[in-house]
Amino acid sequence: MSILSEAVQAELAKQAIELPSWAFGNSGTRFKVFATPGTPRDPYEKIADAAQVHRYTALAPTVALHIPWDRVDDYDALKRHAEGLGVELGTINSNTFQDDDYKFGALTHEDAAVRRKAIDHHFECIDIMHATGSRDLKIWLAEGSNYPGQADLRGRQDRLHESLQEIYARLGDDQRLVLEYKFFEPAFYHTDVPDWGTSYAQVAALGEKAMVCLDTGHHAPGTNIEFIVMQLLRLGKLGSFDFNSRFYADDDLIVGAADPFQLFRIVFEVLRGGGLNNPDVAFMLDQCHNVEDKIPGQIRSVLNVQEMTARALLVDREALAAAQRSGDVLEANRIFMDAFYTDVRPALAEWRESRGLPADPMAAFAESGYLAQIAADRVGGVQAGWGA
Ligand code: AOS
Ligand code: ZN
């Protein structure tokens, strides 16, 4: 008998993780972007690559787009292309961090004309959401300042509220806005949405359709991220995750690679807070594959999330609650750690096979020859890269 009960299998079968289109393009650090043969030249090819991840794992049914990187003439055609490959278009990410006008801010800028331009960009994103059938508009702002005294912190916060209000008012009934926070970078002294509290305060002031996006790489070292997950779920304001992992700053490495135990703790709080298969919480990856192959990098990522989810589902929640109630510190910790240390990989492989999926999606993809095929086919044109 499998260590994964039927109830656990049923939860796992519903799991859905959204892939970022930009993970399939070339990326790097400020020092070097390495090109890879076969890298997509346009959003159509990015979606084709993303569909491979879903094909081998059944875990990634949607793909997030970034505008303007994924701007196309015909979004309906892009939508049909995705559907033909067995996936759907997901979250639309706005981009106000690559235009000279935004040097000193976009939604917070002192100049009303610049704010207008940034708000209009979000209107364009909302129009695209109507065409693609996307529910969520994800806003990450690269706004802040580098030197004390450089900016009017309070004025910027007030202008941010006004700009967000305009964007919020434009959302359709079934659309949402998720506001991502990040404690630093590209600004180094202050960031206008640095933490979950600021994001929460801003979205709470907007209304029900505005939620917080938690990027796991956007916290200072040592931050208890699962506590934030708990609190946002408790407040009904956790709209989405940007999963990735970090050693130092916003490394955007494969989720679960740097600290699998942290991922386990986060997923446990998601389960505890009813967020796992709650449609109000979107599970996205926000990653870059700078030196590893991109499609296998994404396959590994969704498998890591699945693996930690399976382990978190093994926590004996009743026994844990009893140990917590009776103040049995070491027993509570043992129950928690027992689940974390359980190797679920053989059981997951068996379960995948029982569903007609490859036991080892990484190996199956490698054997498919897809990477060699795209390297041979995608000759000429300009490879999509960091920022395009
Ligand atoms: C940037 O640090 C954020 O994580 C955003 O989510 C951003 O839109 C994404 O990483 C693409 O650059
Ligand atoms: Zn992010």
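What residue among Val87, Ala58, Tyr102 has its Cα farthest toward the positive end of the dipole of the stretch 52-133, where the charges are +1 on Lys, Arg and -1 on Asp, Glu, each on the Cβ?
The Cα lying farthest towards the positive end belongs to Ala58.
Roughly how many percent of the accessible protein surface of the stretch 176-327 is carbon and sulfur, given a 1.4 Å probe and a whole-percent answer?
52
State, as an integer percentage, the relative contact order of the chain based on alpha-carbon contacts under 8 Å between residues 6 or more apart. List each step's numbers first, then the result.
Details: 687 pairs, mean separation 83.3, N = 388.
Once normalised by length, the contact order is 21 percent.
What FRET efficiency do you get for Arg154 and Ala364 if R0 is 41 Å and r is their Cβ-Cβ distance, rounded to the nearest 0.05?
0.15
Once you've got the GNM for the chain with C-alpha springs shorter than 10 Å, pick whichever of Glu180, Glu208, Glu88 has the biggest mean-square fluctuation.
Glu208
When the dipole is taken about the Cα centre of the chain, and only Lys, Arg (+1) and Asp, Glu (-1) are charged at their Cβ, what size is it in debye, to the nearest 20? Spell out each step's value before the answer.
Numbers: 37 positive and 57 negative charges, 49 e Å.
Computed about the Cα centre, the dipole is about 240 debye.
D for the stretch 270-362, whole µm²/s, Stokes-Einstein with Kirkwood Rh over alpha-carbon pairs at 25 °C and 0.890 mPa s: what number?
It comes out at roughly 158 µm²/s.
Find how many whole Å separate the alpha carbon centroid of the stretch 95-145 from the alpha carbon centroid of the stretch 313-340.
Value for the Cα centre distance between the two parts: 45 Å.
Can you give the accessible area per residue of the chain, in Å², using a 1.4 Å probe?
Accessible surface, normalised per residue, equals 44 Å².
Rounded to the nearest 0.05, what FRET efficiency do Arg71 and Asp101 have when you use their Cβ-Cβ distance and R0 = 22 Å?
0.80
Nearest 20 debye, what's the magnitude of the dipole of the stretch 167-313 about its Cα centre given +1 on Lys and Arg Cβ and -1 on Asp and Glu Cβ?
Working: 12 positive and 20 negative charges, 78 e Å.
That gives a dipole near 380 debye.
Ranked from highest to lowest mean number of other Cβ atoms within 10 Å per residue, what is the order of the peptides 341-349, 28-36?
341-349, 28-36
Could you check which residue among Asp328, Asp49, Asp360 shows the biggest mean-square fluctuation in a GNM of the chain with a 10 Å Cα cutoff?
Asp328
Quick one: accessible surface of Leu89, probe radius 1.4 Å, all protein chains present, in square angstrom to the nearest 10.
Using a 1.4 Å probe on the heavy atoms, I get roughly 10 Å².
Longer than 27 Å from Cα to Cα, which of Lys46/Lys103; Lys14/Lys182; Lys103/Lys182 are they? Say none if no pair is.
Lys46/Lys103; Lys14/Lys182
Comparing Arg325, Arg115, Arg41, which has the greatest mean-square fluctuation in the GNM of the chain with Cα pairs linked when under 10 Å apart?
Arg325
Carbon and sulfur: what percent of the stretch 62-163's accessible surface (1.4 Å probe)?
47
Report the percentage of all Cα-Cα pairs in the stretch 14-105 whose separation exceeds 18 Å, rounded to a whole percent.
49
Evaluate the distance, in nm, between pseudo-label points positioned 7 Å from the Cα of Glu166 and of Thr342 along their respective Cα→Cβ axes.
5.3
Taking amide H positions as placed 1.01 Å from N in the peptide plane, with prolines and chain starts having none, which residues 5 or more places from Lys138, or on another chain, fall under 5 Å of its amide H?
Answer set, sorted by chain and number: Ile92, Asn93, Ser94, Val178.
The values are calculated or read from the model by the stated rules, or taken from the named source; none is laboratory data. Since the structure is predicted, the reported quantities are computational estimates derived from the model, not experimental observations. No Cβ is skipped: glycine too gets one built from the backbone with ideal geometry, and neighbour counts run over all protein chains shown. The protein model used for the area step is the full one, side chains on, heavy atoms only, and it has no ligands, DNA or RNA in it. Shrake-Rupley method; radii C 1.70, N 1.55, O 1.52, S 1.80 Å.
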